[in-house]
Amino acid sequence: MMSSSNVMIDAGKKSSSQRTRLHKDMFIFPCRLRLILRIFVIIQIAFAIMCLYKTTTFSFYENDKSIINTSGHNEKVRNVRQFTPTGIGTTGTPLPLDRTTGTPLPLCPEVPPGLIGKVKIDFANYEMVQVEKTYPSLQNGGRYKPTKCTSRHRVAIIIPYRNRKGHLIQLMNNLHKILQRQQLDYGIYVVEVAALSEFNRALSLNIGFTEASREYDYQCFIFHDVDLIPENDQNMYSCPKGPRHMSVAVDKLKYKLPYSTIFGGVVAMTKEDFQNVNGFSNKFFGWGGEDDDMFKRLNNTHLNITRYKSKIARYRMLSHKKDSSVNNERFYLLRHTNDTWRTDGLNSLTYRHFKTERHRLFTYILADIDPSHPAYYTDRLKIVQESLQKMREDFNKTRAMESKGDNSTRLNSTSSEHLTKDKKHNKKQRI
Ligand code: UD2
Ligand code: MN
């Protein structure tokens, strides 16, 4: 039995413990809130530091040398499989309006009236700012469209780039004039993949295609080496029909096609054709092979290439050393294009987009990749196994031929008739 005073004491105890709990509850909540607030502020500071770090790591003008170490960034990996084109200019977009009258601009003439044919190339070495001043009509990011008519062609020029600033300035100085005379609605994209991996021209072009398509509904893509300057403005930077090899006659190649299936230098492809062949291969690191791989893709999809006459499709190549090391895997990769092109290309492209800088003369895109990702990885062991297998086959073939030869001589030596026949045959062959 409990006495009444005990009950009262218990009640008092209870209420005081209840009170402390209440007290605690009242304080825990604001404490948690404060903690949450603190975490939030820390996250914000961390984010600000990251942004600051990101903007200071690389800028086109700050450093012409490509980045050595870009790891540690937390940029979202872009996977082209999730890519859906957005932007203006899609079918049904109204024609641009005349600024003064507000009426839609008529289509530009089919043959641009201002073309002059052979152009005088300016090879002088300028600073980028000097060239920028000569193009006041450009919108930021190297974008342009005619002001008096609606262009017939929406064109993205994609330039694979690493450490060739001098070439880029010269190309910009000469190319914009031509593109504007051709009355194109165009944008120039300079694409660099950070120097964590060997230079990969085709990969840069795939990234350029993807990023440019995100921005605007380009119909036509010109994949353009940075060191090729067009000599004739009738060499239209547009995609009327099928893939076109544009750099037919290059001074360094004695103005002759080195081989008929060449598809490097400057090429034009419609968006649909490029998507149909799954873009370029992503696996060609170093110099060579990626252009031939594209030719095989076109063959596989029954797309025939066209070429303008060499009088028009002419280029000067700016002098350079061979910067990237020759890709020794290219023959192996090319042997397998027919099996791999469906899975190696735009649909396997995965990269980190670091930044897009809008300069007056071009849009600069910096990205990087993980070279050990399956999209980029080539199984070296397979290459070795395949070449060993080939050597073995060659060896067996020559041995078989030798032994056949031995047998035939042994047989022949038994028959004088055969011997005379053989001698006659040999004589014929020599003649
Ligand atoms: C030929 C092809 C080129 C490509 C290459 C093999 C022609 C006229 N050109 O060019 O299209 O197929 O063989 O890969 O057929 N680049 C850089 N930095 C580098 C290395 C390359 O920016 O360190 C870019 C640049 O845009 C350059 C292009 O890649 O113009 C091709 O490389 P190249 O000029 O060294 O090779 P080249 O002239 O043998
Ligand atoms: Mn070159």
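The values are calculated or read from the model by the stated rules, or taken from the named source; none is laboratory data. These numbers come from a predicted model, not from an experiment. Because the Cβ atoms are built from the backbone with ideal geometry, glycine has one as well, and the counts that use them run over all protein chains shown. Note: areas computed on protein heavy atoms with side chains; ligands, DNA, RNA excluded. Shrake-Rupley method; radii C 1.70, N 1.55, O 1.52, S 1.80 Å.
Tell me, yes or no, whether segment 204-221 has at least one residue that is farther than 23 Å from Gln183 by Cβ, polar (S, T, N, Q), away from ligand 1 (no atom under 14 Å from the Cβ) and open to solvent by less than 30 Å² (accessible area, probe 1.4 Å). Scanning segment 204-221 turns up at least one residue that is farther than 23 Å from Gln183 by Cβ, polar (S, T, N, Q), away from ligand 1 (no atom under 14 Å from the Cβ) and open to solvent by less than 30 Å² (accessible area, probe 1.4 Å).
Per the conditions (1) away from ligand 2 (no atom under 16 Å from the Cβ); (2) open to solvent by less than 40 Å² (accessible area, probe 1.4 Å), the sole criterion not satisfied by Asn300 is (2).
Where residues in segment 311-362 are of a type in the set (Lys, Arg) and within 16 Å of ligand 1 (Cβ to nearest atom), which of them is modelled with the lowest pLDDT? The extreme case among them is Lys322. Out of Leu105, Leu138, Leu97, Leu115, which single residue is modelled with pLDDT under 95 and closer than 24 Å to Cys239 by Cβ? Testing whether each residue is modelled with pLDDT under 95 and closer than 24 Å to Cys239 by Cβ leaves just Leu105.
Can you confirm whether Tyr186 is farther than 16 Å from Tyr364 by Cα and away from ligand 1 (no atom under 12 Å from the Cβ)? Judged against the criteria, Tyr186 is not a match. Given the conditions (1) within 16 Å of the chain's Cα centre (by Cα); (2) within 16 Å of ligand 2 (Cβ to nearest atom), which single one is not true for Asn347? Result: Asn347 passes all but (2). Quick one: would you say Ile178 is open to solvent by less than 10 Å² (accessible area, probe 1.4 Å), out of contact with any helix residue (DSSP H, G or I) (no Cβ under 9 Å at 6 or more places or on another chain) and not polar (S, T, N, Q)? It is true that Ile178 is open to solvent by less than 10 Å² (accessible area, probe 1.4 Å), out of contact with any helix residue (DSSP H, G or I) (no Cβ under 9 Å at 6 or more places or on another chain) and not polar (S, T, N, Q). Quick one: in segment 283-297, which of the residues that are farther than 16 Å from Thr261 by Cα and open to solvent by less than 20 Å² (accessible area, probe 1.4 Å) is farthest from the chain's Cα centre (by Cα)? Ranking the candidates gives Gly286 first. Restricting the search to strands (runs of 3 or more DSSP E) fully inside segment 198-297 and requiring at least 1 residues that are away from ligand 2 (no atom under 15 Å from the Cβ) and touching a residue at least 12 places away in the same chain (Cβ under 8 Å) gives 220-224, 266-270. Within segment 239-249, is even one residue open to solvent by less than 30 Å² (accessible area, probe 1.4 Å), within 12 Å of ligand 1 (Cβ to nearest atom) and over 20 Å from the mean Cα position of the chain (by Cα)? Scanning segment 239-249 turns up at least one residue that is open to solvent by less than 30 Å² (accessible area, probe 1.4 Å), within 12 Å of ligand 1 (Cβ to nearest atom) and over 20 Å from the mean Cα position of the chain (by Cα). From the list Phe280, Phe274, the lone residue that is buried (at least 21 other Cβ atoms within 10 Å of the Cβ) and out of contact with any Gly (no Cβ under 9 Å at 6 or more places or on another chain) is Phe274. For segment 251-275, filtering for residues that are more than 16 Å from the chain's Cα centre (by Cα) and among the polar types (S, T, N, Q) leaves 2. Among residues of segment 131-150 that are part of a helix (DSSP H, G or I), those with a Cβ under 8 angstrom from a residue that is surrounded by 16 or more Cβ atoms within 10 Å (Cβ to Cβ), sequence gap 6+ or separate chain, pair up as Val131/Ile169; Val131/Met172; Val131/Asn173; Val131/Leu361; Glu132/His359; Glu132/Arg360; Glu132/Leu361.
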